[in-house]
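Participant: Below is a structure I'd like to ask you about.
The values are calculated or read from the model by the stated rules, or taken from the named source; none is laboratory data. Treat the numbers as computed from the prediction; the structure is a model and nothing was measured. Cβ coordinates were reconstructed from backbone atoms using ideal geometry, including for glycine residues, and neighbour counts include every protein chain displayed.
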Amino acid sequence: MSALVEQLKGGLDAPICLTWELTYACNLQCVHCLSSSGQRDPRELSTAEAKRVLDELRELQVFYINIGGGEPMVRRDFFELVEYSVNSGIGVKFSTNGAFIDTDKARRLASMDYLDIQISLDGVDEATNDAVRGAGSYRLARTAMDNLAAAGFGPFKISVVVTRHNVPQLDQFKALADSYGAQLRITRLRPAGRGADTWHELHPTLGQQREIYDWLLKHGDNVLTGDSFFHLNALGDPLPGLNMCGAGRVVCLIDPIGDVYACPFVIHDEFRAGNVRDEGGFARVWKQSDLFRSLREPQSAGACASCGAYDACQGGCMAAKFFTGLPLDGPDPECVGGEGEHALADVTLGSAPKPSQDHSQPVRLSRKPIAVP
Amino acid sequence: MAVALDSALELHPQVAVRPEPFGALAYHYGNRRLIFLKHPDVVSVVNNLAAHDCVQSTLDACGVAPERWPSFVTALSSLESSEIVRERAR
């Protein structure tokens with residue numbers, strides 16, 4: 001293990017990668033939504049409060065923020081906040097389903113500096129994508145990409161959550177990104193939010209984990225992953241990236257009502273470190289919360305201690321273990337050695353922790369069943 | 001390409017350097033690269049490049065002993081290829 005990674009595990013003075021979900025409101029109802037988004041939370045941070053948080057992040061010299069939701073463009077002050085952030089020297093990368101990127105908005109986005117856009121797409125065809133992201137979502141995303149390309153935005157990102165249905169499409173995703181001059185980003189499906197209910201039927205199979213690993217070894221230098229596949233490193237040579245869980249150490253999440261969580265995949269009371277509205281604001285939560293301080297302590301390998309691959313995979317993802325009911329100091333549910341499958345078999349049905357909150361729309365219209373091949 | 005000891009460098013104007021316990025993080029707002037500066041001496045050299053005539057005088061001023069210069073040339077060369085530092089006109 002490199003000395004640098006050891007240092008990073010002890011935490012940084014400010015996060016490298018801070019995700020800020022601006023709203024729980026969303027026009028879509030994706031079945032794997034990490035934040036169970038749908039309806040706006042009435043306690044959402046106001047424009048003035050959001051700007052105060054940005055002032056704090058500027059003081060902390062946070063270089064950029066990852067904005068998501070919900071659908072962040074639903075907020076009426078979306079552009080105001082993005083411009084305020086960029087003008088404060090904080091770059092913005094934001095994730096969107098693309099529904100609100102019409103030709104005018106595309107031109108406006110293209111005129112801004114220090115702004116990156118990720119359009120979510122979970123299938124290269126309508127059927128695969130819409131089964132997960134909802135009817136019509138494929139068209140919305142492709143129209144947004146067309147509009148950004150026509151406006152000369154430059155290399156936007158196409159962001160894919162890898163599921164068992166789209167693993168065979170990785171080459172086609174790459175080709176699609178290339179056709180737009182865009183950059184492909186693929187990330188791991190997490191059992192968080194509504195994903196806790198759908199993960200078991202959507203997550204890649206053990207055989208597919210190897211496919212993803214081989215594919216990333218071949219294409220990894222040109223594909224972004226948010227370092228999310230480090231559990232695959234147990235298969236051999238390490239993938240590009242830091243190869244560590246950054247939760248509370250280099251990464252955290254601010255949710256729409258200002259709650260600060262250890263990472264974007266653990267919106268649950270157990271991983272809530274504080275709120276930006278508390279005295280001392282975000283900085284105090286980051287530097288002094290009991291939760292983040294404990295995450296920066298050396299972690300036990302637990303049941304994985306005797307496994308020769310532990311140094312490579314680091315026991316995988318804390319959130320994936322938590323929401324599937326596995327102990328945090330044991331194998332990842334997608335352990336490539338098969339230990340996760342064994343451990344999952346021992347989890348009592350219904351005993352896994354449920355997400356603490358749900359902003360889903362009360363009635364879900366036209367949600368198609370997921371076809372299991 | 002390796003930078004020369006007598007070349008004049010500066011921190012790229014689009015780069016921000018944030019101190020950290022291990023050294024510093026450098027972020028380039030243009031190419032979006034995040035670089036770890038893994039030693040406090042590298043941080044002080046990078047921050048002081050523009051205040052001195054050339055790389056060698058910067059190393060001297062920062063108290064870096066000559067036997068360590070080759071490793072600093074390697075580090076600065078890598079930082080130049082990432083556009084964290086760049087040549088400046090004298």
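Participant: Within the stretch B:13-24, restricting attention to residues that are more than 7 Å from chain A (Cβ to nearest Cβ) and buried (at least 20 other Cβ atoms within 10 Å of the Cβ), which residue is farthest from A:Ile65 (Cα to Cα)?
Facilitator: Checking each candidate, the answer is B:Gly23.
Participant: Any residue at all in the stretch A:99-112 that's touching a strand residue (DSSP E or B) at 6+ places or on another chain (Cβ under 6 Å) and at pLDDT 95 or above?
Facilitator: Restricting attention to the stretch A:99-112, the residues satisfying the condition of being touching a strand residue (DSSP E or B) at 6+ places or on another chain (Cβ under 6 Å) are none.
No, the conditions are met nowhere in the stretch A:99-112.
Participant: For the condition more than 14 Å from every other protein chain (Cβ to nearest Cβ) and free of Cβ contacts under 8 Å to residues at least 24 places away in the same chain, what is the one hit in A:Arg107, A:Arg76?
Facilitator: When all the criteria are applied, what remains is A:Arg76.
Participant: Between a first residue in the stretch A:43-55 that is β-branched (Val, Ile, Thr) and a second residue that is assigned to a loop (DSSP other than H, G, I, E, B), which pairs have beta carbons less than 9 Å apart while being 6 or more apart in sequence or on different chains?
Facilitator: Cβ pairs passing all conditions: A:Thr47/A:Arg75; A:Thr47/A:Arg76; A:Thr47/A:Asp77; A:Val53/A:Leu45; A:Val53/A:Gly258; A:Val53/A:Val276.
Participant: Is there a residue being at pLDDT below 95, surrounded by fewer than 24 Cβ atoms within 10 Å (Cβ to Cβ) and under 19 Å from the mean Cα position of the chain (by Cα) anywhere in the stretch A:55-68?
Facilitator: Scanning the stretch A:55-68 turns up no residue that is at pLDDT below 95, surrounded by fewer than 24 Cβ atoms within 10 Å (Cβ to Cβ) and under 19 Å from the mean Cα position of the chain (by Cα).
Participant: Additional query: Could you look through the stretch A:277-297, keep only residues that are assigned to a loop (DSSP other than H, G, I, E, B) and small (Gly, Ala, Ser), and pick out the one that is surrounded by the most Cβ atoms within 10 Å (Cβ to Cβ)? It would help to see each step written out before you state the result.
Facilitator: First pass over the stretch A:277-297, keeping only residues assigned to a loop (DSSP other than H, G, I, E, B): A:277-280, A:289, A:296-297.
Keeping just the survivors that are small (Gly, Ala, Ser) gives A:280, A:289.
Working: A:Gly280: 14, A:Ser289: 20.
Looking at residues that are assigned to a loop (DSSP other than H, G, I, E, B) and small (Gly, Ala, Ser), I get A:Ser289.
Participant: If you don't mind, another one. Exactly one condition in (1) closer than 23 Å to A:Gly226 by Cα; (2) surrounded by 22 or more Cβ atoms within 10 Å (Cβ to Cβ); (3) not basic (Lys, Arg) is false for A:Gly274; which is it?
Facilitator: Here A:Gly274 clears every test but (1).
Participant: Go through B:Ala89, B:Ala50 for me and flag whichever is touching a residue at least 40 places away in the same chain (Cβ under 8 Å), loosely packed, with under 13 Cβ neighbours inside 10 Å and aliphatic (A, V, I, L, M).
Facilitator: One residue alone meets the criteria, B:Ala89.
Participant: Here is a further query. Looking at the stretch A:79-91, which of its residues are in contact with a helix residue (DSSP H, G or I) (Cβ under 9 Å, 6 or more places away or on another chain), without any contact (Cβ under 8 Å) to a residue 40 or more places away in the chain and either not in a helix (DSSP H, G or I) or not acidic (Asp, Glu) (or both)? Steps first, answer last, please.
Facilitator: Let us first name the residues in the stretch A:79-91 that are in contact with a helix residue (DSSP H, G or I) (Cβ under 9 Å, 6 or more places away or on another chain), namely A:79-82, A:84-85, A:88-91.
From the residues that got through so far, the ones that are without any contact (Cβ under 8 Å) to a residue 40 or more places away in the chain too are A:79-80, A:82, A:84-85, A:88-91.
Passing the criteria: A:Phe79, A:Val82, A:Tyr84, A:Ser85, A:Ser88, A:Gly89, A:Ile90, A:Gly91.
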